[in-house]
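Report on the structure given below.
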């Protein structure tokens, strides 16, 4: 961390990174008069290692000092800087397609009785970035697996609730409200909310948006496609899934893109079992997408999940990837292929979250959270008998 650390603090404080007794204080936090609890560190080494995850606290404080709207005090405004600031004007950007961002609403409230992940208050994950599980693939205990089954079922029910309201004329902010309220009603926390400052409770990715679209005031139009990505935090674990839906009457090419993406995920799941190499997932997906005339996004991948939102293993969806390791019983991870109608390359909108196709053509995505079993795989976020019948190919 630039500038080092050298202000003595009482030993009663705990290190914001590792939790050990802290004796040092971030000098920038002292200057900005920020709370000592989030700015205390045990050693220079811990301080420097946490810099990338600590410095956004300074940016947020500076925004407040300068009068820029933040998630705690804005109305309907455009999002900037990964959710840390707002603006009343549409940002300038060389837009790749017809879609534009719309203003977003204020941060939604979470009741006091809901258990919170460690980023809920200040937007900064504490445990996740420095965990050994970023490098080691965890074998879940029986207790962890049971909690994940329960959480993933809730996540599925939440996504189904969102799917049931999708139609022309509804805004993605209204979809986000459904996700938020359904999650809270089940006793869970919407994991994306304030994760690295993400301002909403789910991701809604429309048309050329590949992933991480921010729910806003735009009304869905007849012919759109929209991906809704839901993650629920419940009983200390996360469950993650997404699906891409048709809005009204969708053209045949978009229907073929969405169906092919669904098939890519299904084919990838079919090979999951102990002893299978993680890199094979990308080979299977790439083969099917390419044969269908589509391309596979390379910038984002599947991930380990459990008590951490994102951890090892990373699972690329494209061919000839260099993912290391083999699957073992007890591992849990997501597979979530993003398939583009045109080229695979992506661009980032000014909000620093929304990834779009570089040529403005459409993109689709599907995701499940999976458990490797002794004999194969269990889809923890599998569709339920009560799930809306929204995909024509499943109704035949």
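The values are calculated or read from the model by the stated rules, or taken from the named source; none is laboratory data. Everything numeric in this text was worked out from a predicted model, so none of it was measured. Note that each Cβ is placed from the backbone with ideal geometry, even for glycine, and that neighbours are counted across all protein chains shown.
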Scan the stretch 355-378 and tell me whether some residue there is closer than 22 Å to residue 172 by Cβ and free of Cβ contacts under 8 Å to residues at least 24 places away in the same chain.
no
Identify the residue in the stretch 351-360 that is touching a helix residue (DSSP H, G or I) at 6+ places or on another chain (Cβ under 9 Å) and more than 21 Å from residue 305 (Cβ to Cβ) and, among all such residues, is surrounded by the most Cβ atoms within 10 Å (Cβ to Cβ).
351
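Looking at residue 262, is it surrounded by fewer than 23 Cβ atoms within 10 Å (Cβ to Cβ) and within 14 Å of the chain's Cα centre (by Cα)?
Values: surrounded by fewer than 23 Cβ atoms within 10 Å (Cβ to Cβ): yes; within 14 Å of the chain's Cα centre (by Cα): no.
No: the conditions fail for residue 262.
On the basis of being in contact (Cβ under 8 Å) with a residue 40 or more places away in the chain and under 29 Å from residue 329 (Cβ atoms), does residue 133 make the cut? Walk me through it before giving the result.
On the way: in contact (Cβ under 8 Å) with a residue 40 or more places away in the chain: yes; under 29 Å from residue 329 (Cβ atoms): yes.
In short, yes.
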For residue 122, the lone unmet condition from (1) touching a residue at least 60 places away in the same chain (Cβ under 8 Å); (2) in a helix (DSSP H, G or I) is (2)
A careful count of residues in the stretch 367-396 that are assigned to a loop (DSSP other than H, G, I, E, B) and surrounded by fewer than 23 Cβ atoms within 10 Å (Cβ to Cβ) gives 16
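Taking the conditions exactly as written (in the same structural domain as residue 177 (by TED's automatic domain parsing) and touching a helix residue (DSSP H, G or I) at 6+ places or on another chain (Cβ under 8 Å)), does residue 257 satisfy them or not? Even if it seems obvious, please write down each step before you answer.
Numbers: in the same structural domain as residue 177 (by TED's automatic domain parsing): yes; touching a helix residue (DSSP H, G or I) at 6+ places or on another chain (Cβ under 8 Å): no.
So residue 257 fails the test.
Have a look at 287, 279 and point out the one that is in contact (Cβ under 8 Å) with a residue 24 or more places away in the chain and out of contact with any strand residue (DSSP E or B) (no Cβ under 9 Å at 6 or more places or on another chain). So that I can check it myself, show each step before the final result.
Values: 279 fails: out of contact with any strand residue (DSSP E or B) (no Cβ under 9 Å at 6 or more places or on another chain).
Within the list 287, 279, the selection yields 287.
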Tally the residues that are without any contact (Cβ under 8 Å) to a residue 60 or more places away in the chain and over 19 Å from residue 83 (Cβ atoms), restricting the search to the stretch 196-238.
6
Close pairs from the stretch 325-346: first on the phi > 0 side of the Ramachandran plot, partner assigned to a loop (DSSP other than H, G, I, E, B) and buried (at least 16 other Cβ atoms within 10 Å of the Cβ), Cβ under 7 Å, at least 6 apart:
325/137; 325/278; 330/140
Residues within the stretch 146-195 that are without any contact (Cβ under 8 Å) to a residue 40 or more places away in the chain, surrounded by 18 or more Cβ atoms within 10 Å (Cβ to Cβ) and in a loop (DSSP other than H, G, I, E, B), tallied
1
State all residues of the stretch 244-269 that are within 22 Å of residue 372 (Cβ to Cβ) and touching a residue at least 60 places away in the same chain (Cβ under 8 Å); if no residue qualifies, say none.
262, 264, 265, 268, 269
Matching residues, the stretch 90-119, being free of Cβ contacts under 8 Å to residues at least 60 places away in the same chain and touching a strand residue (DSSP E or B) at 6+ places or on another chain (Cβ under 7 Å):
90
